[in-house]
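Participant: Quick one: the structure is below, questions incoming.
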Amino acid sequence: MHLRLAGVITAVAVLAGLPFLPAEGALGQGDSTGWGTIQGQVTKAGPLPEQKPIPAVKNHQDARNCEAKGPTVDEDWVVNPKNKGVKWAFVWLQADKGKELPIHPALKEIKQKEIVIDQPCCTFIPHALGLSEGQVLSAKNSAPMQHNFKWGGNPTKNPGGNVLIPPGGQIPIKDLAVDRFPVTVSCTIHPWMRAWVRVFDHPYFAVTDASGSFEIKDAPAGDYHLVVWHESVGWGTPGGKSGDPVTVKAGGMTKVPTIELK
């Protein structure tokens, strides 16, 4: 899939006192003369998968608390039946190897120091989340029974750990490192529980919502790659881990063609 969008990249410079618009493609990778917003949607190809109740929950000692708010269902695929939008897909902007993404001045400082992942009813909420390197992942247990929080990724970068969290408890997990491999989260007391965390060294990432939509604001204008990853398919575009080309327009909206997961 080719995600490059045609259009004029809008950037304003002063030339002889008049506004000047560079020709399309004049802003190359690494230019920070403009910023724009990326919007798009991730959908599921083929038949719609059904979220089914997890049989193991019924026979577990904590079944009553686990299903206090309804059946516990699998989250391998969470697809909107109205538009086939896929929830919990990771989407991020990526520069060519050896190059860095320019960061908008307003985004250089991390404002939200802590991101919470909770376990109220034997599922992780959220099921997928992105972190900026330096943010703390706060493992919370708002359930009336014990959970353990086991996490791990690349053994050389995110070797992980396993901690017991009592009811009402909360434990900070620090120093998660940037890596192309996700960090897997699980609870061995309730073995069907699973979540995914990805850590980035820039703010240009998103997780799709219930309609499969995503938005990345204040992205640098120029030519980059858009990468998609979902737990059930892995890399979600033909470009794989390198992503597919996208041209970010300065001063406006870049609408990405629908990304279909197969």
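Participant: Cβ-Cβ distance below 6 Å, separation of 6 or more or different chains: which pairs start in segment 236-252 with a residue that is closer than 22 Å to Gly85 by Cβ and end on one that is of a type in the set (Val, Ile, Thr) and at pLDDT 95 or above?
Facilitator: Listed pairs, sorted by first residue: Gly236/Val228; Thr237/Val228; Gly243/Val227; Asp244/Thr237.
Participant: Moving on. Of all residues in segment 42-64 being in contact (Cβ under 8 Å) with a residue 24 or more places away in the chain and assigned to a loop (DSSP other than H, G, I, E, B), which is surrounded by the most Cβ atoms within 10 Å (Cβ to Cβ)?
Facilitator: Per the criteria, the residue is Ile54.
Participant: Related question: Looking for something of a type in the set (Gly, Ala, Ser), buried (at least 18 other Cβ atoms within 10 Å of the Cβ) and not in a loop (DSSP other than H, G, I, E, B) - is there at least one such residue anywhere in segment 182-189?
Facilitator: Looking for residues that are of a type in the set (Gly, Ala, Ser), buried (at least 18 other Cβ atoms within 10 Å of the Cβ) and not in a loop (DSSP other than H, G, I, E, B), one finds at least one in segment 182-189, hence yes.
Participant: Identify, by number, the condition in (1) under 21 Å from Phe214 (Cα atoms); (2) of a type outside the set (A, V, I, L, M, F, W, C); (3) buried (at least 19 other Cβ atoms within 10 Å of the Cβ) that Gln39 doesn't meet.
Facilitator: Just one mismatch for Gln39, condition (3).
Participant: Does segment 88-95 contain at least one residue that is without any contact (Cβ under 8 Å) to a residue 60 or more places away in the chain and either among the hydrophobic types (A, V, I, L, M, F, W, C) or not assigned by TED's automatic domain parsing to the domain that holds Ala143 (or both)?
Facilitator: no
Participant: What about Gly243, is it closer than 16 Å to Val78 by Cβ and out of contact with any Gly (no Cβ under 8 Å at 6 or more places or on another chain)?
Facilitator: It is false that Gly243 is closer than 16 Å to Val78 by Cβ and out of contact with any Gly (no Cβ under 8 Å at 6 or more places or on another chain).
Participant: Can you tell me which residue in segment 203-233 is nearest to Ala106 (Cα to Cα), limited to those that are of a type in the set (D, E, K, R) and assigned to a strand (DSSP E or B)?
Facilitator: Asp218
Participant: If you don't mind, there's one more thing I want to ask. Would you point out which residue out of Asn154, Asn148, Asn158 is part of a loop (DSSP other than H, G, I, E, B), touching a strand residue (DSSP E or B) at 6+ places or on another chain (Cβ under 6 Å) and either surrounded by 15 or more Cβ atoms within 10 Å (Cβ to Cβ) or at pLDDT 95 or above (or both)?
Facilitator: Of Asn154, Asn148, Asn158, the one residue that is part of a loop (DSSP other than H, G, I, E, B), touching a strand residue (DSSP E or B) at 6+ places or on another chain (Cβ under 6 Å) and either surrounded by 15 or more Cβ atoms within 10 Å (Cβ to Cβ) or at pLDDT 95 or above (or both) is Asn158.
Participant: Condition test on Met253, is it at pLDDT 95 or above, touching a Ser or Thr at 6+ places or on another chain (Cβ under 8 Å), in the same structural domain as Pro144 (by TED's automatic domain parsing) and not basic (Lys, Arg)?
Facilitator: no
Participant: Could you list, in sequence order, the residues of segment 115-131 that are assigned to a strand (DSSP E or B) and buried (at least 19 other Cβ atoms within 10 Å of the Cβ)?
Facilitator: Result: Ile117, Ala128, Leu129, Gly130, Leu131.
Participant: Within segment 97-114, identify whether any single residue is farther than 20 Å from Glu215 by Cβ and in a strand (DSSP E or B), and answer yes or no.
Facilitator: yes
The values are calculated or read from the model by the stated rules, or taken from the named source; none is laboratory data. Note that the structure is predicted; figures quoted are calculated from it, not measured. Cβ atoms come from the backbone with ideal geometry, glycine included; neighbour counts cover every protein chain shown.
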